[in-house]
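The values are calculated or read from the model by the stated rules, or taken from the named source; none is laboratory data. Remember, predicted model here, so these are calculated numbers, not experimental data. Because the Cβ atoms are built from the backbone with ideal geometry, glycine has one as well, and the counts that use them run over all protein chains shown. Note: areas computed on protein heavy atoms with side chains; ligands, DNA, RNA excluded. Shrake-Rupley method; radii C 1.70, N 1.55, O 1.52, S 1.80 Å.
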Amino acid sequence: HLFSYSTLIINNDKNIGVLVVIRDITKMYALESEQKNFISNVSHELRTPLTTIIGYTDLLNRRGTDNPELLSKSLNTINSEGQRLLRLVNDLLSLSKYERADFKLILTSVDINTLLEDVINQMKIKSLKYNVDIDYKRLELPTIHGDYDRLKQVFINILDNAIKYSNPGDIINVVAINYDDYVEISIRDYGPGIPEDNFSRIFDAFYRVEEDRSRQIGGTGLGLSIVKSIVESHNGQVRIESKTGEGTMVVVKLLLEKI
Ligand code: ADP
């Protein structure tokens, strides 16, 4: 533990008093260093694509735009790095919004089948591009009390990872199971999996398993921390079950609406 202390000596004609204030600043210190870490991570994430963009524009400035191959390669890279920056800024904005103390959910009665089908539809183009099939069977399910758009974001982020990490021709299983007072929705892929020693940090901002591979695949490292923020703001839970080489299952547990 870390402590700070200050002393005040009170001295008048009759009495001498000493006031000592000792404060435990362990938590404050941890928070501060977490914030510093976050800022240094963000700066690093911004700098990488910016350096590439500046590099390619400098190159075109020096070599001119006559070479069609160089021109096309440069423009494609500038565009994809620009897209990466936009994704990063959008994710940062979402995360900062959800973590504000005054952030309010817009709560309605949410039908899980409608929600999951909406998400799967939205991810159709991406799943076709990766040649991955998403399997989901509509079951009788009660409703939950939640923020539709935020919950949609949760399942889009999880499914987006499942698609990105699947092998072509793979299937992704989306299953919702109804328990007494909660529902568990699991998204299972047959990709490379996540080693167990990463489980505790996987929901941290900017944490990536195998930094280079994950970066190449195009994630911002913020997807799962956004998932956790939203799920916890619904008093729910999210966990990972995975084995290296066998795939990954992300399980979201949400409370059912009380009737
Ligand atoms: P990203 O935007 O990089 O995907 P996330 O926060 O969504 O960031 O995920 C954190 C990291 O967890 C990823 O970079 C990746 O290494 C790993 N990961 C997440 N989902 C999967 C999955 N379905 N299969 C394998 N690895 C995954």
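So what's the gap between the Cα centers of the range 28-75 and the range 147-216, to the nearest angstrom?
28
Describe numerically, in nm with one decimal, the distance between label points set 7 Å from Cα along Cα→Cβ at residue 181 and at residue 107.
About 1.4 nm, to one decimal.
In Å², and per residue, what accessible area does the range 87-128 have when probed at 1.4 Å with the other protein chains present?
Roughly 62 Å² per residue, with all protein chains present.
At residue 100 and residue 3, where each label point lies 7 Å from the Cα along Cα→Cβ, what is the point-to-point distance in nanometres?
Between residue 100 and residue 3, the label points sit 4.0 nm apart.
Using 0.36 nm times the number of residues separating residue 139 and residue 33, minus their current alpha carbon distance, what extension gain do you get?
This chain segment gains 33.5 nm when fully extended.
Would you please name the chymotrypsin sites (Phe, Trp or Tyr not before Pro) within the range 168-259 that are DSSP coil residues with at most 11 other C-beta atoms within 10 Å of their C-beta?
Here the chymotrypsin sites (Phe, Trp or Tyr not before Pro) that fit, given the DSSP loop and packing criteria, are 179.
What do you get for Rg/Rh of the range 74-148 when both radii come from the Cα atoms and Rh is the Kirkwood radius?
1.10
Relative to the compact globular guide of 2.2 N^0.38 Å, what is the alpha carbon radius of gyration of the range 150-259, as a ratio?
This ratio for the range 150-259 stands at 1.05.
Counting helices only, and only those DSSP H runs with n ≥ 4, report the 222 nm mean residue ellipticity of the chain as the sum of -39,500 (n - 2.57) divided by its residues, in deg cm²/dmol to the nearest 500.
Result for the chain, helices only: -15500 deg cm²/dmol.
Per residue of the range 13-24, what does 6.51 cos²θ - 1.76 cosθ + 1.60 with θ = phi - 60° give for ³J(HN,Hα)? Whole Hz please, x for Gly and Pro, Karplus curve as stated.
Karplus-based 3J(HN,Hα) across the range 13-24 equals 4, 9, 10, 10, x, 10, 10, 10, 10, 10, 10, 7 Hz.
Applying 1/(1 + (r/R0)^6) with R0 = 30 Å to the Cβ-Cβ distance of residue 22 and residue 196, what FRET efficiency is obtained, to the nearest 0.05?
After rounding to 0.05, the efficiency reads 0.15.
Once label points are set 7 Å from the Cα along Cα→Cβ at both residue 59 and residue 118, what is their separation, rounded to one decimal in nm?
That separation, rounded to one decimal, is 4.3 nm.
Just how large is the dipole of the range 172-223 about the Cα centre, in debye to the nearest 20, putting +1 at every Lys and Arg Cβ and -1 at every Asp and Glu Cβ?
In total the dipole reaches around 280 debye.
With unit charges on the beta carbons (Lys and Arg positive, Asp and Glu negative) and the dipole taken about the Cα centre of the chain, which residue among 175, 113, 85 sits farthest to the positive side?
The Cα lying farthest towards the positive end belongs to 85.
About the Cα centre, and with charges only on the beta carbon of Lys, Arg (+1) and Asp, Glu (-1), how big is the dipole of the range 1-105? Nearest 20 debye, please.
80
Give me the base-10 log of I(q)/I(0) for the range 6-91 at each q in 0.20, 0.25 Å⁻¹, Debye formula, one uniform scatterer per Cα, rounded to two decimals.
-0.94, -1.13
When the convex hull of the Cα atoms of the range 217-259 is projected onto a plane and the area is averaged over all directions, what value comes out in nm²?
Average projection, Cα convex hull of the range 217-259: 4.2 nm².
Need one number for the range 104-207: average projected area of the convex hull over its C-alpha atoms, nm².
7.8
Give me the dipole magnitude in Debye, nearest 20, for the range 122-232 about the Cα centre, with unit charges on the beta carbon: positive for Lys and Arg, negative for Asp and Glu.
With Lys and Arg at +1 and Asp and Glu at -1, about 520 debye.
Sort 243, 152, 258 from largest to smallest accessible area, using a 1.4 Å probe on the heavy atoms of the protein chains.
Output order, biggest surface exposure first: 258, 243, 152.
How compact is the chain by the rule of thumb for globular proteins, expressed as Cα Rg over 2.2 N^0.38 Å?
Against the compact-globule rule of thumb, the ratio is 1.34.
Work out Dmax and Rg for the range 30-178 from the C-alpha atoms and quote the Rg first, both in angstrom.
20.7, 64
Using a 1.4 Å probe over the heavy atoms of the protein chains, calculate the carbon and sulfur portion of the accessible area of the range 159-259 as a whole percent.
47
Counting DSSP beta bridges in the chain, what percent are antiparallel, to the nearest 5?
Counting DSSP beta bridges with both partners in the chain, the antiparallel share is about 90 percent.
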